[in-house]
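Peer 1: Before I ask anything, let me first share the structure, which is written out below as structure tokens.
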Number of protein chains: 2
Amino acid sequence: MYFYDIIEKKRNKQHLSKEEIDFAVHAFVEGSVSKEQMSSLLMAIVLNGMTYEETLNLTLAMKNSSETLEFKEYLVDKHSTGGVSDSTTLILTPTLAALGVKVAKMSGRSLGFTGGTIDKLEVFEGYNANKTLEEFTGIINKINCSIISQTANLAYADKLIYDLRNKTATVDSIPLIASSIMSKKLASGAKFLVLNVHYGSGAFMQRKKDAIKLARVMVKIGNDSGVLTRACVSNMNVPLASGVGCTNEVISVVHAINGEQSNLLKLSKELCVIILCEVKKISSSVALKLVNETLHSGKTLAKLKELISEHGGKTEILDNINSVAKAKYKVNLTSKEQGYVKNIDARTVAKAVNHLKELNKDESTKKLVGVNLNVKVNTKVKPDDVLLEIFVNDKKHAEKVTDELYHAFRFSRFKTKEKKLIAKII
Amino acid sequence: MYFYDIIEKKRNKQHLSKEEIDFAVHAFVEGSVSKEQMSSLLMAIVLNGMTYEETLNLTLAMKNSSETLEFKEYLVDKHSTGGVSDSTTLILTPTLAALGVKVAKMSGRSLGFTGGTIDKLEVFEGYNANKTLEEFTGIINKINCSIISQTANLAYADKLIYDLRNKTATVDSIPLIASSIMSKKLASGAKFLVLNVHYGSGAFMQRKKDAIKLARVMVKIGNDSGVLTRACVSNMNVPLASGVGCTNEVISVVHAINGEQSNLLKLSKELCVIILCEVKKISSSVALKLVNETLHSGKTLAKLKELISEHGGKTEILDNINSVAKAKYKVNLTSKEQGYVKNIDARTVAKAVNHLKELNKDESTKKLVGVNLNVKVNTKVKPDDVLLEIFVNDKKHAEKVTDELYHAFRFSRFKTKEKKLIAKII
């Protein structure tokens with residue numbers, strides 16, 4: 001078998017067999033295929049696509065390219081395709097754990113303009129996400145949940161291929177995205193998986209129909225591989241909560257747990273309900289009731305404290321979120337217009353926050369910079385009303401992003417019909 | 001400007017500007033772009049194509065990536081896209097030179113299953129194709145023609161990109177083939193260029209319509225760049241002459257010059273006529289008369305002798321072609337059937353000859369191996385008639401390719417309507 005022939009087949013829109021895909025992944029991992037040959041194949045896949053069968057085989061080949069984990073117990077995992085102010089993991093994990101569901105979560109760092117769960121957890125001083133596998137299972141057995149960093153050893157082929165895709169403009173492909181996500185998830189040994197696939201300006205997938213397609217492929221791969229899988233496709237055109245940037249997102253999480261209404265809370269609850277229905281075999285209305293009770297009774301917050309303590313993090317700020325360390329300066333961005341907020345573009349806000357992080361050279365204070373939205377879609381504003389607060393350690397940095405941030409806002413003389421948060425449950 | 005954005009544009013079927021193409025080629029040559037990024041772009045070009053404008057700009061960018069030659073005089077160049085028993089250069093060059101047309105030809109070695117002019121010239125003991133540019137022009141001034149090896153310095157970007165295409169299955173693309181050929185031709189400084197684009201089993205282009213498309217693009221690039229360019233699209237389903245393999249092809253050349261009818265002679269004359277009409281501003285019937293006179297009068301043969309002598313080669317065999325050094329053994333391949341030869345597949349014959357060359361480990365005798373066809377399409381055969389002779393230095397080698405060679409032949413109870421040799425003049 002020759003790699004050249006495999007490229008040529010895909011270039012000519014032919015299907016690759018399981019043997020060919022196994023050969024290609026194996027040869028690349030062991031180094032007998034060059035990066036230029038693999039990137040040529042990747043571009044051919046981006047442009048000519050893959051059947052479901054090929055996508056499944058690619059997923060399995062990458063999953064089997066390095067170690068895989070096996071847990072005796074019935075564990076729940078959750079994956080988000082990345083969004084803006086998307087911190088559902090920090091609400092869902094303690095809520096489910098408090099309800100007796102074991103959640104084993106390996107999370108990532110920030111990627112592109114999206115935030116990373118591990119970065120947010122490190123807002124809690126001392127949080128250690130680098131636990132051994134033994135410690136990971138030990139914590140889960142003790143408190144029903146743990147969140148650690150993704151180990152580099154799972155789906156090693158995906159790591160190599162992903163690095164290449166990032167340099168060669170071959171990220172944007174449903175078979176490649178689906179196999180990348182699912183190879184890691186299948187290798188991490190969960191028995192139940194819920195996928196949160198976002199679409200819109202603040203997501204990697206721009207169009208709803210692509211997000212639904214991606215979700216369907218991933219759900220089928222999971223279920224065909226023995227992992228009970230569900231997906232929730234949701235709208236990511238507007239940030240999910242008011243805080244963007246690590247510290248501000250943690251503040252939004254605490255407000256949500258304490259009952260402040262936001263899309264972040266709504267989506268977290270929806271994901272909990274999907275999992276509870278499957279795991280406990282109950283109806284969604286019963287599941288929603290359980291979730292609401294757990295949140296209102298303070299059990300979610302208590303479990304979040306336990307989770308952070310078990311990983312060595314300080315939890316005092318959870319009792320008084322206003323005591324969290326903040327950036328030196330708060331600069332207001334004010335409205336120049338009169339009317340209703342029509343849109344707050346998630347990607348623009350997230351990119352501006354990324355620029356603030358780049359400007360803040362001191363690594364130790366990067367987590368403090370960010371923004372907090374004072375308005376939502378359909379908030380009525382007049383000139384000089386505060387649209388958002390910018391948190392910086394150098395006032396000049398705020399000036400550099402004000403124009404950019406102002407462009408995230410659109411105004412209208414009339415109220416806007418809000419788009420549905422949840423587009424589809426699969 | 002970022003290379004990533006250029007890949008992404010082509011992936012999204014957008015057009016690349018002149019600035020973007022210049023940047024891409026320049027960045028690759030100077031090494032700031034990785035091979036994997038370039039091969040990703042190449043696959044995107046293969047699958048999403050290029051407009052004529054983009055192809056022209058790619059050609060010019062590659063042409064300008066290293067030194068270019070300039071000749072004061074009006075020089076003729078010819079290029080073939082590669083075929084089987086395609087030795088028109090060795091007939092056309094001395095014929096035109098004898099008619100006062102200056103021909104400056106830089107030729108290549110064998111590529112894939114096709115033969116190379118330089119390899120054939122080296123059948124003449126002592127032929128030195130590695131002349132300096134000064135010697136090259138000196139010889140042209142003296143005898144009106146010279147054939148030397150392609151210098152690696154012309155269109156250096158093409159050399160780098162071609163190496164990559166050969167490994168990444170990105171050869172098969174009209175914009176990439178056209179720009180590769182034309183960048184070298186434009187850099188070599190000819191004022192008039194005739195392109196011989198082959199199609200069929202023995203050519204790189206399988207389909208006539210693709211060959212015509214390629215020829216049209218190249219002719220337009222040449223003319224738009226100040227080089228008067230014409231093309232002849234011809235059928236390469238059957239070998240052009242009876243000899244295949246360096247020595248046998250030289251024998252076929254001498255037979256053709258001496259008047260033996262073959263497609264090789266017919267095509268060589270046609271290419272001469274195209275050039276003479278343009279260069280001397282005469283009609284094709286007058287041009288054909290000049291070509292026939294030159295051939296019949298022995299002037300072509302005399303000029304070929306001069307050409308070889310000037311490059312240090314021995315010419316004795318031109319007086320008695322039977323005296324040429326031959327392989328040790330001649331093994332006959334005979335017919336098992338009765339009827340008319342319906343087809344002799346050019347690619348199958350050429351690949352078998354390549355296998356013979358691979359089996360013949362002694363480099364010094366490789367040129368001697370090959371085959372000579374004893375039949376043509378529509379020759380009437382009966383069992384045990386000789387179809388072709390196999391020339392080898394080890395009889396076992398002949399046995400290894402007899403089945404393969406026999407498969408090149410198709411027979412029929414009836415005569416076949418022969419396909420036209422010349423499909424189109426552009």
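Peer 1: For the cross-link pairs B:209/B:367; B:366/B:419; B:208/B:351; A:18/A:424; A:167/A:420; B:269/B:303, which exceed 25 Å when the distance is taken from alpha carbon to alpha carbon? Intermediate values should be presented prior to the final figure.
Peer 2: Details: B:209/B:367 34 Å; B:366/B:419 33 Å; B:208/B:351 21 Å; A:18/A:424 31 Å; A:167/A:420 35 Å; B:269/B:303 16 Å.
Result: B:209/B:367; B:366/B:419; A:18/A:424; A:167/A:420 exceed 25 Å.
Peer 1: Compute for chains A and B the buried accessible surface, both sides summed, probe 1.4 Å, and express it in Å² to the nearest 100.
Peer 2: Counting protein atoms only, the buried area is about 1800 Å².
Peer 1: Find out how many positive minus negative residues lie around residue B:138, taking Lys and Arg as positive, Asp and Glu as negative, among other residues whose Cβ is under 14 Å from that of residue B:138. Could you put the intermediate results ahead of the total?
Peer 2: On the way: positive: B:72, B:102, B:131, B:142; negative: B:73, B:134, B:135, B:306, B:310.
With Lys, Arg at +1 and Asp, Glu at -1, the neighbours total -1.
Peer 1: Also, quick follow-up: Net charge near residue B:223: determine it from the other residues with C-beta under 13 Å of the C-beta of residue B:223, scoring Lys and Arg +1 and Asp and Glu -1. Could you put the intermediate results ahead of the total?
Peer 2: Values: positive: B:185, B:191, B:216, B:220, B:230; negative: B:224, B:278.
Surrounding charge for residue B:223 is +3.
Peer 1: Now for a different question. Taking R0 as 35 Å, what FRET efficiency do you get between residue A:400 and residue A:420 from their Cβ-Cβ distance, rounded to the nearest 0.05? It would help to have the intermediate numbers written out before the result.
Peer 2: Values: r = 35 Å, r/R0 = 1.01.
Once rounded, the FRET efficiency stands at 0.50.
Peer 1: Also, quick follow-up: Between copies, how far does the label point of residue A:339 sit from its twins, in nm, shortest first, when each point is 7 Å from Cα along Cα→Cβ?
Peer 2: 8.0
Peer 1: Now, a different point. Once phi is turned into ³J(HN,Hα) by the Karplus curve 6.51 cos²θ - 1.76 cosθ + 1.60 with θ = phi - 60°, what whole-Hz value does each residue of the range B:220-237 show in order, with x for glycine and proline?
Peer 2: Values per residue, Gly and Pro as x: 5, 4, x, 5, 5, 9, x, 10, 4, 10, 10, 9, 10, 9, 9, 7, 10, 7 Hz.
Peer 1: Using Cα positions and a limit of under 17 Å, work out the lysines in reach of residue A:336, with same-chain residues fewer than 8 apart set aside.
Peer 2: A:376, A:380, A:382
Peer 1: Another question, if that's okay. Using a basic spin-label model with each label point 7 Å from the Cα along Cα→Cβ, how many nm lie between residue A:213 and residue A:166?
Peer 2: Each label point lies 7 Å from its Cα, and together they span 2.6 nm.
Peer 1: Charges at C-beta only: +1 for Lys and Arg, -1 for Asp and Glu. How large is the resulting dipole of the protein assembly as shown about its Cα centre, in Debye rounded to 20? Write down the numbers at each step before the final one.
Peer 2: Details: 122 positive and 92 negative charges, 548 e Å.
Roughly 2640 debye for the protein assembly as shown.
Peer 1: Would you pull out the residues with amide H under 5 Å of residue A:228's amide H, same chain only if 5 or more places away, H placed 1.01 Å from N?
Peer 2: Under 5 Å from the amide H of residue A:228: A:193.
Peer 1: Another question, if that's okay. In terms of Cα to Cα distance under 12 Å, which aspartates and glutamates are near enough to residue A:120, apart from those fewer than 8 places away along the same chain?
Peer 2: Cross-link targets: A:86, A:249.
Peer 1: Let me ask something else. Under a GNM of chain A (C-alpha, springs under 10 Å), which listed residue has the highest mean-square fluctuation: A:363, A:125, A:135?
Peer 2: A:363
Peer 1: Which residues, if any, in the range B:29-66 lose at least 40 square angstrom of accessible heavy-atom surface (probe 1.4 Å) when the other protein chains sit next to their chain rather than the chain being alone?
Peer 2: B:36, B:40, B:43, B:47
Peer 1: Same structure, new question: Taking +1 at the Cβ of each Lys and Arg and -1 at the Cβ of each Asp and Glu, which of B:183, B:59, A:195 sits farthest along the dipole of the protein assembly as shown towards its positive end, judged by Cα position relative to the Cα centre?
Peer 2: Ranked along the dipole, the leading option is A:195.
Peer 1: If N is the number of residues in the range B:267-309, what value comes out of its Cα radius of gyration divided by 2.2 N^0.38 Å? Mind dumping the intermediate values first?
Peer 2: On the way: Rg = 11.0 Å, N = 43, 2.2 N^0.38 = 9.2 Å.
Here the Cα radius of gyration is 1.20 times the empirical estimate.
Peer 1: How large is log10 of I(q)/I(0) for chain B at q = 0.10, 0.12, 0.14 Å⁻¹ when the intensity is taken from the Debye formula with one equal scatterer per alpha-carbon?
Peer 2: -0.71, -1.01, -1.31
Peer 1: Right, here's the next one. Working from Cα positions, state the angle (0 to 90°, nearest 10) between the long axis of helix B:246-257 and the longest principal axis of chain B.
Peer 2: Approximately 80 degrees, to the nearest ten.
Peer 1: According to the square roots a ≥ b ≥ c of the eigenvalues of the Cα gyration tensor, what is the shape class of the range A:163-296, taking rounded for a/c under 1.5, prolate for a/b larger than b/c otherwise, and oblate for the remainder?
Peer 2: On the way: a/c = 2.09, a/b = 1.24, b/c = 1.69.
It comes out oblate by the Cα gyration axes.
Peer 1: Moving on to the next point. Taking only protein heavy atoms into account and a 1.4 Å probe, give the accessible area per residue of the protein assembly as shown in Å². Please list the in-between numbers first.
Peer 2: Working: 35700 Å² over 852 residues.
I get 42 Å² per residue for this part.
Peer 1: Hey, another quick one. Mind checking the range A:1-56 for chymotrypsin sites (Phe, Trp or Tyr not before Pro) that DSSP puts in a loop (not H, G, I, E or B) and that have at most 14 other Cβ atoms within 10 Å? Let's see the in-between values first.
Peer 2: Numbers: sites: A:2, A:3, A:4, A:23, A:28, A:52; in loops: A:2.
In loop regions of the range A:1-56 (DSSP not H, G, I, E or B), the sparsely surrounded chymotrypsin sites (Phe, Trp or Tyr not before Pro) are A:2.
Peer 1: How many nanometers, to one decimal and shortest first, lie between the label point of residue A:419 and those of its other copies, if labels sit 7 Å from Cα toward Cβ?
Peer 2: Copy-to-copy label distances at residue A:419, shortest first: 5.4 nm.
Peer 1: Also, quick follow-up: For the range B:120-185, give the magnitude of the charge dipole about the Cα centre (Cβ charges: +1 Lys/Arg, -1 Asp/Glu; no others), in debye to the nearest 20.
Peer 2: In total the dipole reaches around 160 debye.
Peer 1: Which value in deg cm²/dmol, rounded to the nearest 500, describes the helix-derived mean residue ellipticity at 222 nm for chain A, given -39,500 (n - 2.57) per DSSP H run of n ≥ 4 and division by the residue count? List each step's numbers first, then the result.
Peer 2: Values: 17 runs with 204 residues, N = 426.
Calculated mean residue ellipticity at 222 nm is -15000 deg cm²/dmol.
Peer 1: At residue A:70, with labels set 7 Å past Cα in the Cβ direction, how many nm apart are the copies from this one, shortest first?
Peer 2: List, nearest first: 7.5 nm.
Peer 1: Considering the convex hull of the alpha carbon atoms of the range A:356-426, report its projected area averaged over all viewing directions, in nm², one decimal. All intermediate terms of the calculation are to be shown ahead of the outcome.
Peer 2: Working: hull surface 29.1 nm².
For the range A:356-426, averaging the hull's shadow over all directions gives 7.3 nm².
Peer 1: Which aspartates and glutamates have a Cα lying under 19 Å from the Cα of residue B:417, excluding residues fewer than 8 positions away in the same chain?
Peer 2: Result set, ordered by chain and number: B:345.
Peer 1: From the alpha carbon gyration tensor of the protein assembly as shown, can you work out the equivalent ellipsoid semi-axes (sqrt of 5 times each eigenvalue) and give them in Å, largest to smallest? Don't skip to the end; give the middle numbers.
Peer 2: Values: eigenvalues 998, 188, 91 Å².
Square roots of five times the eigenvalues give 71, 31, 21 Å.
Peer 1: Considering only C-alpha atoms, what is the centroid distance from the range A:374-426 to the range A:275-295, in Å?
Peer 2: Their Cα centres are 33 Å away from one another.
Peer 1: Rounded to the nearest 5, what is the percent of antiparallel bridges among the DSSP beta bridges in the protein assembly as shown?
Peer 2: Numbers: 44 of 82 bridges.
For the protein assembly as shown, the DSSP antiparallel bridge percentage is about 55.
Peer 1: To test your reading of the geometry: what angle, between 0 and 90 degrees and rounded to tens, separates the Cα axis of helix A:133-143 from the longest principal axis of chain A?
Peer 2: Long axis of A:133-143 versus the principal axis of chain A: about 50 degrees.
Peer 1: Moving to a separate point now. Work through the residues other than residue A:278 whose Cβ is under 14 Å from its Cβ and net out their charges, Lys, Arg +1 and Asp, Glu -1. Intermediate values should be presented prior to the final figure.
Peer 2: Details: positive: A:78, A:102, A:191, A:230, A:280, A:281; negative: A:77, A:270.
Overall, the nearby charge balance is +4.
Peer 1: Turning to a different aspect of this structure: With r as the distance between the Cβ atoms of residue A:358 and residue A:292 and R0 = 35 Å, compute the FRET efficiency 1/(1 + (r/R0)^6) and round to 0.05. Working shown, then result.
Peer 2: Values: r = 40 Å, r/R0 = 1.15.
Step by step, r from the Cβ atoms, then E = 0.30.
Peer 1: Taking every DSSP beta bridge with both residues inside chain B, roughly what % is antiparallel (nearest 5)?
Peer 2: Numbers: 22 of 41 bridges.
The antiparallel fraction comes to roughly 55 percent.
Peer 1: So if I place +1 on the C-beta of Lys and Arg and -1 on the C-beta of Asp and Glu, and nothing else carries charge, what would the dipole magnitude of chain A be about its Cα centre? I want it in debye, nearest 20. Walk me through the numbers before you get to the answer.
Peer 2: Details: 61 positive and 46 negative charges, 313 e Å.
The calculated dipole for chain A is roughly 1500 debye.
Peer 1: What is the angle, in °, between the Cα long axis of helix B:35-48 and the longest principal axis of the Cα atoms in chain B? Nearest 10 is fine, range 0 to 90.
Peer 2: For helix B:35-48, the angle is close to 80 degrees.
Peer 1: With both bridge residues required to lie in the range A:180-300, what share of the DSSP beta bridges run antiparallel, to the nearest 5%?
Peer 2: Values: 0 of 8 bridges.
Within the range A:180-300, antiparallel bridges account for around 0 percent of the total.
Peer 1: Report ³J(HN,Hα) in whole Hz for each residue of the range A:354-359, in order, from the Karplus equation J = 6.51 cos²θ - 1.76 cosθ + 1.60 where θ = phi - 60°; Gly and Pro get x.
Peer 2: Ordered by residue, 3J(HN,Hα) equals 4, 5, 4, 5, 5, 5 Hz.
The values are calculated or read from the model by the stated rules, or taken from the named source; none is laboratory data. This one's a predicted model, so the numbers in the text were calculated from it and none came from an experiment. Cβ atoms come from the backbone with ideal geometry, glycine included; neighbour counts cover every protein chain shown. All accessible areas refer to the heavy atoms of the entire protein, side chains included, with ligands and DNA or RNA removed. Shrake-Rupley method; radii C 1.70, N 1.55, O 1.52, S 1.80 Å.
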